[in-house]
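Taking it in order: structure first as structure tokens, then the write-up.
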Amino acid sequence: MSDVRVGVVGVGALGQHHARIYSQLQGARLAGIFDIDGPRAREVAGRHGAPVFSHLRDLLPEVDAVSVAVPTVDHYRVARALLEAGKDVLVEKPMTASLAEADDLVRLSGERGAVLQVGHVERFNPAFGLLRRAVMAPRFVEVHRLSVFSARSLDIDVVLDLMIHDLDLVLALDPSELVQVDAVGVPVLTPKVDIANARLRFASGLIANLTASRVSTERVRKFRVFAPRTYVSADLAAREAQVYRLVGEGGQPEIRMEQVSAPEQEPLRLQLEAFVRVVRDRATPEVSGPDGRRALALALSLLDRMGEIPGPVPNGQGSL
């Protein structure tokens, strides 16, 4: 089969890596780059021998699928234009700035028969894959995602920037209804929430406690899950996990530990490989539009409880 012609819109801190990977990916061809910062677009395109386009409309005839890695406030406008043109789209997280925008993208992708994948890259982390296979009925989840302060993504708060990764992972582990939410957030170095904690209770009985900070002195990506006779500790940054299981019955039970490490497997590469595959096969993405919408709805409901968003969240918690 011919290569999937892929474009990248937005080649900043993250989008440049989309371009890098597509230029190397078997089954894909980096067919074009567009960024409103022309010199930046030419710089990134020059590294990979890709053409640069001066307007989004000029890119459209040259591509089958597009990664959207522009600032969050522009996700909806760019992704909608691409879907309207019948292009398959991978839009970075959070998929949009509002639920109304997310709903419109989901609707439009269905009408056009276009793939809509959301860039929750941790779903493709090998450590999370092991965790998901090892735990059948999680009962308690403890998550810490901490980063040192930087000027990146200060247009959004830490819930939409960092915590939303782990909200998506928790929702992937437990599809049951969310029945209780408690949350607190604190603006520390910016006017927006810089450190946040959320406690979620699901109808299944699962309780998840999540902390995200972008004002830490260290970088931590720990995801711990407790289930009957099983405990899994995953380090998403190191891409490794330890699984502890209680085996044996009667007088002398035994704890057995399995450790798996896959540091060479880049989650973003696995994500883009999956995107190209679903574009070619016309399959459902691992992280679909409705999946991205559910994570966004939960993130916005947390911010509502923190007082970040005035008034009720449209289609809020009850429609997660």
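Where a number appears in this text, it was derived from the coordinates with a stated rule and is not lab data. Keep in mind that what you see is a predicted model, and the values were worked out from it rather than measured. Cβ coordinates were reconstructed from backbone atoms using ideal geometry, including for glycine residues, and neighbour counts include every protein chain displayed.
Backbone phi angles across segment 231-240, fed through the Karplus curve with coefficients 6.51, -1.76 and 1.60 (θ = phi - 60°), yield HN-Hα couplings of 9, 10, 10, 10, 9, 6, 6, 7, 6, 9 Hz in residue order; Gly and Pro are listed as x. Build a GNM of the chain with springs between Cα atoms under 10 Å apart, and of GLU218, GLU92, GLU254 the one that fluctuates most is GLU254.
Any chance you could list the semi-axes, whole Å, largest first, of the equivalent ellipsoid that the Cα gyration tensor gives for segment 1-64, using √(5λ)? Present the calculation step by step, with values, prior to reporting the outcome.
Numbers: eigenvalues 61, 37, 14 Å².
Equivalent ellipsoid semi-axes, largest first: 18, 14, 8 Å.
Taking the chain as a Gaussian network of alpha-carbon nodes connected by springs under 10 Å, the highest mean-square fluctuation of the residues VAL143, VAL260, VAL247 belongs to VAL247. Fully extending the segment from ARG245 to ILE36 would add 70.0 nm, taking 0.36 nm per residue of separation and subtracting the current Cα-Cα distance.
Less than 5 angstrom separates the built amide H of VAL4 from those of ALA28, ARG29, all sequence-distant by 5 or more or on a different chain. Remark: the ARG57-LEU154 segment gains 32.0 nm on full extension, using 0.36 nm per residue and subtracting the alpha carbon distance.
What is the mean projected area of the alpha carbon convex hull for segment 83-125, to one decimal in square nanometres? Show your work: numbers first, answer last.
On the way: hull surface 12.2 nm².
Spelled out: convex hull of the Cα atoms, projected over all directions, averaged, 3.0 nm².
Once the Cα atoms are used to define both axes, helix 99-112 deviates from the longest principal axis of the chain by about 60 degrees.
Under a 5 Å amide H cut-off, with hydrogens placed 1.01 Å from N, LEU90 pairs with VAL66, SER67, VAL68, GLN117 among residues at least 5 apart or on other chains.
Say R0 is 22 Å: what FRET efficiency, to the nearest 0.05, do ARG219 and VAL188 get from their beta-carbon distance?
Values: r = 17 Å, r/R0 = 0.76.
About 0.85, to the nearest 0.05.
Structure remark: mean-square fluctuation, Gaussian network model of the chain, C-alpha springs under 10 Å; the largest value among GLY205, GLY110, GLY248 belongs to GLY248. Values of log10 I(q)/I(0) for the chain across q = 0.07, 0.15 Å⁻¹ run -0.29, -1.26, by the Debye formula with one identical scatterer at each alpha carbon and no solvent.
Rounded to the nearest Hz, the phi-derived 3J(HN,Hα) couplings of segment 182-193 under the Karplus curve 6.51 cos²θ - 1.76 cosθ + 1.60 (θ = phi - 60°) are 10, 8, 9, x, 10, x, 10, 10, 9, x, 9, 5, where x marks glycine and proline. Per residue, the convex hull around the alpha carbon atoms of segment 77-184 comes to 155 Å³. Here the simple spin-label model places points 7 Å from the Cα toward Cβ, and for ALA100 and ARG229 these points are separated by 5.2 nm.
Rg to Rh ratio, segment 188-281, alpha-carbon atoms and Kirkwood radius?
Working: Rg = 18.4 Å, Rh = 17.1 Å.
Taking Rh as the inverse mean 1/r over Cα pairs, Rg/Rh reads 1.08.
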